[in-house]
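Some notes on the structure that comes next.
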Amino acid sequence: MCGIVGYIGERRAIDVLLRGLKRLEYRGYDSAGVAIVDGHLKIYKKKGKVDDLSKELDIPNLLGRLGIGHTRWATHGIPNDVNAHPHVSSSGEFALVHNGIIENYTALRDRLIQRGYTFESETDTEVLVRLVEDVRETTGLPLEEALQQALRHVVGTYGIALVSGEDPDLLIAARKGSPLILGVGAGEYFLGSDAAPIIEYTRDVVYLNDGEMVVIRRDGYEVRTIDNIVLNKEVHHLEWDLEHIEKGGYPHFMLKEIFEQPTAIENAMRGRVCLDKNCIRLGGLLDDFETIRNARRVIICACGTSWHAALVGEYLIEGLARIPVEVEYASEFRYRQPIMRDGDIVFVISQSGETADTLAAVREAKRQEIPVFGICNTVGSTIARETDAGVYLHAGPEIGVASTKTFTGQVIVLAMLALELGRDRTLSDDTFTAYLQELGRIPEKIRAVLESDDLIRDIAQLYRYTSNFLYLGRGYNFPVALEGALKLKEISYIHAEGYPAAEMKHGPIALIDQFMPVVFVAIKDSTYDKIVSNIEEVVARKGHVIAITDEGNGQLDNLCEHVIRVPATEEFLSPLLTVIPLQLLSYHIAVMRGCDVDQPRNLAKSVTVE
Ligand code: G6P
C-alpha cells in the first residue's frame, strides 16, 4: 500500500532509492518515482513498475546524496505519470511522497483553489503539498514547522517523506496511520515503509509512532511529535538479514515462500512446543494466559488470508478448548458498534501488522477496555506494538503478495494456543501428549506434500485456461477451500469460489457442467463419507474433480479425475497439509497464464488504507 524510501548520507541516493523501491514494490506497483537533491530538485516519475522508471533515468549522472522515492498503489487518481509521486510545490522548493489517504482533501482543495492554487494531478497528496506551501508562504516558518502546522489540518492517514531542493542537509518524515521506519547508519540515515529497503545497510531502526515526525540531517536526527514535543526514541536492532528478502534461486518469491513452509513452521514452534517437557509455552502470552484461559468468548478479527486462518482458529479453539469463538472481518467489526462484555477477549491476526482495518479493530477493543492480543509476522509493526501482548510467527519476511507461509504460520500458532487452552479444560493428558507429538511431525509432513509439486504442475497444465473453479471442503477444511479459491483469484485472475461442501446443493451446483473443475478437500476426517457423496453429485453432473485426500486412500481414484495425496494427520492439523497443494496449484496456473505471480494486478501486500 504505497512504499516510501528515503536516504541522506554519503552514498549516491539514487542507488539506495531504486534498490529500496524494488524491495518495497510488493506494497504497490502502479507507478514509481524519486526526488533527488543535487543542487536543486530532480524529479523522475513513471507509470508502472520500478524497472520502467529505471529505464528512463540517466543513473550515472544522478549524483545527489539525498533523496526520496515512492512506489504507488493508487487510491485517488488513476495510475499515470502525473499522479505518480513525488509531488512538488508550485515554486519547485520541495517534493513530497505520501502513503495513506487525506480524507478531507476535497474541502482542503476547494479552499486552496480559492486561495489561487492550481492542481495538476487528481491525488490527495498534491493537496497536502499545496497546504504545506500555503502555510510556508503565509507564515515564513521553516519547512519542518510548516509541515507540522499543515498536518494539523489534515484528517486521514499518512506516511510522508519530504526533501527540499534548497537544503541539501534536510530529510523530513511524518507518520499517522501509515508505517515508517528510520534506519540509523554510521553518518547516514534511511527511511522505509518497512525494514526491507533498510536492512542491507543497517539493522538499527527507530519505529515512528502515529503523530510523530523525524527531522534528519547528516549529523543526526530528532524525533518530535506533530505538536513539536521532542522525544527520546529507543533504537531497535532487527534480527532479519538480507538473505531473507532475496529469492534464493526460486523464480518467484511465492514459490520460495511455499517451499519455506516446513522451516517457517519449525521456527514458529521453536522454544514453544517442548516435546521433552510435554508442554506448550507461548512466551508472549504468558503474563496474560489466565485472562485468555478464563475468557467467556474469543473474538478474532482479521482480513484476507489472515481471516481464513482466523476461521481455522475458530474450529481449533472451539474444538479443542470449548471456548466460544466469533470470527469477524476487521473492516465490518469496527463499524457495526460491536458489543463486547467483561470476559470477552479479542485476538487480531495480521501478517504485516499494519492492515488499517485490523488496526482499527485493535483500537475499538481498547476503546471498550477489552484485552486484545496479536498474532503478527512483522516484528515491531503497529499492531504488534498496540496490542496488549501477542505471538510472532517468526516466518521471516513474506514478499509475495499472496500469503502462503504466513497462513500456515498463523494456523500453527492458533493450534498451539488451542492445544494449550484445551490442556486443562477438555483434553486428557494422553490426548494432549499425542497431539503435541503430532505437531512436531508437521514440518516433515509438509515436506512430503511439497514432493507432489510435479504432479500438481501437470494438473495445472490441464486447467490453465479454465474460467471458473469451485473449491469445497468441510469442517477444518472449509476455510482451506476459501483460501484455495482466494489464492487462485489473486494471482491467476480466474474466478473461483470456496464453499462448505454441503452448501453446494444450495446454489453452486447449478454451475456444474463439464467446464467446471471442482477441487475437493476430502481427507479421511469425521465428514469424509459425506464429502464423498458431494463428490458423487459433482461427477454425476460431469464436473471435473481434483481431490486432496490422505496417503493410502484409494477410494477416490476411480471417482475423481485427479487425486493429490497428503500424509495422514490429526483432523485439526490437516489444514496445514491440505492448503499446500492448493497454493501450488494456483501458483502453477498463474505462471502458465503468464501472470505476475508476486505482484498481481490491483493488489498490495499491506493494505494501510480503508
Ligand atoms: C492484503 C494482502 C493479503 C492479506 C491481507 C491481510 O489484502 O494482499 O494477502 O491476507 O491484506 O493482510 P495482513 O497483513 O493483515 O495479514
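Numbers for the structure displayed
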item: Criterion (buried (at least 22 other Cβ atoms within 10 Å of the Cβ), closer than 16 Å to His98 by Cα, out of contact with any Lys or Arg (no Cβ under 6 Å at 6 or more places or on another chain) and of a type in the set (A, V, I, L, M)) met by exactly one of Ala195, Ala173; result: Ala173
item: Residue ID - nearest to the chain's Cα centre (by Cα), chosen from residues in segment 582-610 that are more than 12 Å from the ligand (Cβ to nearest atom) and of a type in the set (A, V, I, L, M); result: Val597
item: Conditions (1) without any contact (Cβ under 8 Å) to a residue 12 or more places away in the chain; (2) buried (at least 19 other Cβ atoms within 10 Å of the Cβ); (3) not aromatic (Phe, Trp, Tyr); number of the one not met by Pro581; result: (1)
item: Count of segment 90-129 residues which are buried (at least 23 other Cβ atoms within 10 Å of the Cβ) and not aliphatic (A, V, I, L, M); result: 8
item: Condition broken by Gln148, with the remaining ones in (1) touching a strand residue (DSSP E or B) at 6+ places or on another chain (Cβ under 9 Å); (2) at pLDDT below 95 satisfied; result: (2)
item: Residue count, segment 327-345 (criterion: touching a residue at least 24 places away in the same chain (Cβ under 8 Å), part of a helix (DSSP H, G or I) and either more than 11 Å from the ligand (Cβ to nearest atom) or touching a strand residue (DSSP E or B) at 6+ places or on another chain (Cβ under 7 Å) (or both)); result: 2
item: Test: residue in segment 567-576 that is more than 29 Å from the chain's Cα centre (by Cα), outside any strand (DSSP E or B) and β-branched (Val, Ile, Thr); result: no
item: Filter result for Asn553 (assigned to a helix (DSSP H, G or I) and of a type in the set (S, T, N, Q)); result: no
item: Test result for Val539, assigned to a helix (DSSP H, G or I), more than 27 Å from Met416 (Cβ to Cβ) and either within 16 Å of the ligand (Cβ to nearest atom) or not small (Gly, Ala, Ser) (or both); result: yes
item: Residue in segment 524-533 that is in a strand (DSSP E or B) and of a type outside the set (A, V, I, L, M) present; result: no
item: Flag if Leu162 is in a strand (DSSP E or B) and not β-branched (Val, Ile, Thr); result: yes
item: Where a residue in segment 230-246 is closer than 10 Å to Gly396 by Cβ and its partner, wherever it lies, is in a helix (DSSP H, G or I), with Cβ under 9 Å and at least six apart; result: Ile245/Arg23; Ile245/Phe253
item: Filter result for the condition that a residue is at pLDDT 95 or above and away from the ligand (no atom under 16 Å from the Cβ), over Ile258, Ile323; result: Ile323
item: Where Tyr587 falls short, out of the listed (1) assigned to a helix (DSSP H, G or I); (2) closer than 30 Å to Leu436 by Cα; result: (2)
item: Given (1) surrounded by 21 or more Cβ atoms within 10 Å (Cβ to Cβ); (2) over 30 Å from Glu314 (Cα atoms); (3) not aromatic (Phe, Trp, Tyr), index of the condition Gly594 fails; result: (1)
item: Complete set of residues in segment 47-89 that are surrounded by fewer than 19 Cβ atoms within 10 Å (Cβ to Cβ) and in a helix (DSSP H, G or I); result: Asp51, Asp52, Ser54, Lys55, Glu56, Ile59, Pro60, Asn61
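Matching residues to (1) more than 20 Å from Asp550 (Cβ to Cβ); (2) away from the ligand (no atom under 16 Å from the Cβ); (3) not aromatic (Phe, Trp, Tyr):
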| position | (1), (2), (3) |
| --- | --- |
| Val449 | no, yes, yes |
| Leu455 | no, yes, yes |
| Leu472 | no, yes, yes |
| Leu486 | yes, no, yes |
| Ser492 | yes, no, yes |
| Tyr499 | yes, yes, no |
| Met504 | yes, yes, yes |
| Ser526 | no, yes, yes |
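Rundown of residues vs (1) surrounded by fewer than 14 Cβ atoms within 10 Å (Cβ to Cβ); (2) more than 16 Å from the ligand (Cβ to nearest atom); (3) among the β-branched types (Val, Ile, Thr); (4) farther than 24 Å from Thr355 by Cα, yes/no style:
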residue	(1), (2), (3), (4)
His244	no, yes, no, no
Gly249	yes, yes, no, yes
Glu266	no, yes, no, yes
Leu275	yes, yes, no, yes
Leu285	no, yes, no, no
Thr291	no, yes, yes, yes
Gly304	no, no, no, no
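The values are calculated or read from the model by the stated rules, or taken from the named source; none is laboratory data. All values derive from a computational prediction rather than experimental measurement. Cβ coordinates were reconstructed from backbone atoms using ideal geometry, including for glycine residues, and neighbour counts include every protein chain displayed.
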